[in-house]
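See structure below.
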Amino acid sequence: MRNFKPGLVSVSFRNLSPERILELLKETDLKYIEWGSDVHAKPDDIDALKSIAKMQNDMGIECSSYGTYFRIGVNKPEEIYAYINAAKILGTDTLRLWCSDKSASKFTEEEKSVFFKECRKLSAIAEKENVILSMECHINTFTDSIESSLELMKEVSSPAFRMYYQPNQYKTEEENIYFASKISEYTTNIHVFNWKEKEKYPLCEAKEIWTEYLKNFDGERYLLLEFMPDGKEESLIKEANTLREIIGGLV
């Protein structure tokens, strides 16, 4: 049984205020938001975080997740507490993390052992704090291949340490479908876009392939639109409607 919840990643509109982004969600009937920690919801600005939480609650919008720029292997593990606190203020138990600053293929065995140890330390913190740390599925990080992602999930082996899914714009559709099929059991949220390498295109041109990607997932998932094809806020309504059409064809 699928329960897909369409929403938006706030970094899609870094130039807009949190208030305007929430207004856009209301205008397009999207009810879920992933706040980015770099511009809109900085972890050390408690007053701003509380203000965002009040605005979203008043407008009937739910924080699906906190999109942090915490990098495992770069940031110190204890820094995660500030991000966890921010996530709780925003009303979510899911934090998006970046998994290192280089591809898994560039790790030595010794580096990998140290890295896994740090991941397990962070997962233990997450379990104690009752939150979930979800790894960005992105190029030039440890989770840029299905093999390394599965290895990481098995090495950490924690329900508080999970994955995001998004198609890799540099890989084939077949490779991305396979990745989705293998990582689905570990996946919390999904970033939705239509990119081919560095070029962005409307989601309506990728309805069929996104249907194939999403067939690999069930249960409750947040499907979060990430970036507009032209960067314009006016495009959100079309992208949101397309996402709803894709979801409607699956349920």
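The values are calculated or read from the model by the stated rules, or taken from the named source; none is laboratory data. For clarity, every value in this text was computed on a predicted model and none was experimentally measured. Neighbour counts run over all protein chains shown; Cβ positions are idealised from the backbone, glycine included. What goes into the accessible areas is simple: the full protein's heavy atoms, side chains included, and nothing from ligands, DNA or RNA. Shrake-Rupley method; radii C 1.70, N 1.55, O 1.52, S 1.80 Å.
Of all residues in region 110-139, those satisfying the criterion of being within 16 Å of the chain's Cα centre (by Cα) and part of a loop (DSSP other than H, G, I, E, B) are Val131, Glu136, Cys137, His138, Ile139.
For first residues located in region 12-27 and more than 16 Å from Asp58 (Cα to Cα), partners that are in a helix (DSSP H, G or I) and open to solvent by 10 Å² or more (accessible area, probe 1.4 Å) and lie 6+ apart or on another chain with Cβ distances below 8 Å form the pairs Phe13/Arg20; Phe13/Glu233; Leu16/Glu233.
Taking the conditions exactly as written (assigned to a strand (DSSP E or B) and open to solvent by 40 Å² or more (accessible area, probe 1.4 Å)), does Glu220 satisfy them or not? Before you say what the answer is, go through the steps one by one.
Working: assigned to a strand (DSSP E or B): yes; open to solvent by 40 Å² or more (accessible area, probe 1.4 Å): yes.
Considered against the rule, which asks whether it is assigned to a strand (DSSP E or B) and open to solvent by 40 Å² or more (accessible area, probe 1.4 Å), Glu220 comes out as yes.
Taking region 97-112 as the range and being open to solvent by 10 Å² or more (accessible area, probe 1.4 Å) and either in contact with a Phe, Trp or Tyr (Cβ under 9 Å, 6 or more places away or on another chain) or among the acidic types (Asp, Glu) (or both) as the test, the residues that pass are Trp98, Asp101, Lys102, Ser103, Ala104, Phe107, Glu109, Glu110, Glu111, Lys112.
Output yes when any residue across region 133-140 is within 19 Å of Tyr222 (Cβ to Cβ) and among the β-branched types (Val, Ile, Thr), and no when none is. If you could, list the steps in order and put the result at the bottom.
Initial filter on region 133-140 (within 19 Å of Tyr222 (Cβ to Cβ)): 133-138.
From what is left, the residues that are among the β-branched types (Val, Ile, Thr) are none.
Looking for residues that are within 19 Å of Tyr222 (Cβ to Cβ) and among the β-branched types (Val, Ile, Thr), one finds none in region 133-140, hence no.
For residues that are in a helix (DSSP H, G or I) and polar (S, T, N, Q), scanning just region 57-96, find the one that is least open to solvent (accessible area, probe 1.4 Å). The residue in question is Asn85. Cβ separations smaller than 6 Å between residues 6+ apart or across chains give the following pairs from region 83-99 residues that are closer than 17 Å to Gln56 by Cα and small (Gly, Ala, Ser) to residues that are open to solvent by less than 30 Å² (accessible area, probe 1.4 Å) and not in a helix (DSSP H, G or I): Ala86/Pro43; Ala87/Tyr66; Ala87/Leu95; Gly91/Cys63. Close Cβ contacts (under 6 Å, 6 or more residues apart or on different chains) running from residues in region 225-251 that are open to solvent by less than 40 Å² (accessible area, probe 1.4 Å) to residues that are among the aromatic types (Phe, Trp, Tyr) and modelled with pLDDT of 95 or more comprise Glu226/Phe193; Pro229/Tyr201; Ile246/Trp210; Ile247/Phe4.
Which residues, taken from region 135-192, are acidic (Asp, Glu) and touching a helix residue (DSSP H, G or I) at 6+ places or on another chain (Cβ under 7 Å)?
Narrowing region 135-192 to residues acidic (Asp, Glu): 136, 144, 147, 151, 155, 173-175, 185.
If the condition is that a residue be acidic (Asp, Glu) and touching a helix residue (DSSP H, G or I) at 6+ places or on another chain (Cβ under 7 Å), then Asp144, Glu155, Glu173 are the ones that fit.
Each residue in region 64-82 was checked for being touching a residue at least 12 places away in the same chain (Cβ under 8 Å) and under 13 Å from Leu133 (Cβ atoms), and 10 pass. Close contacts from region 149-168, counting a first residue that is farther than 19 Å from Leu214 by Cα and a second that is outside any helix (DSSP H, G or I) and of a type in the set (Ser, Thr, Tyr), with Cβ to Cβ under 8 Å and a gap of 6+ residues or different chains, come to Leu152/Thr143. Selection of region 223-251 for residues being under 16 Å from Asn194 (Cα atoms) and outside any helix (DSSP H, G or I) yields Leu223, Leu224, Leu225, Glu226, Phe227, Met228, Pro229, Asp230, Gly231, Lys232. The set of residues in region 97-109 being touching an Asp or Glu at 6+ places or on another chain (Cβ under 7 Å) and not in a helix (DSSP H, G or I) consists of Leu97, Trp98, Cys99, Ser103.
Quick one: which residue in Trp195, Trp210 is farther than 28 Å from Lys121 by Cβ, at pLDDT 95 or above, open to solvent by less than 10 Å² (accessible area, probe 1.4 Å) and of a type in the set (Phe, Trp, Tyr)?
Result: Trp210 is the single residue among Trp195, Trp210 that is farther than 28 Å from Lys121 by Cβ, at pLDDT 95 or above, open to solvent by less than 10 Å² (accessible area, probe 1.4 Å) and of a type in the set (Phe, Trp, Tyr).
Of the numbered criteria (1) in contact (Cβ under 8 Å) with a residue 24 or more places away in the chain; (2) more than 16 Å from the chain's Cα centre (by Cα), the one Glu208 fails is (1). Applying the set (1) over 17 Å from Ser100 (Cβ atoms); (2) open to solvent by less than 50 Å² (accessible area, probe 1.4 Å) to Lys171 leaves exactly one unmet item: (2).
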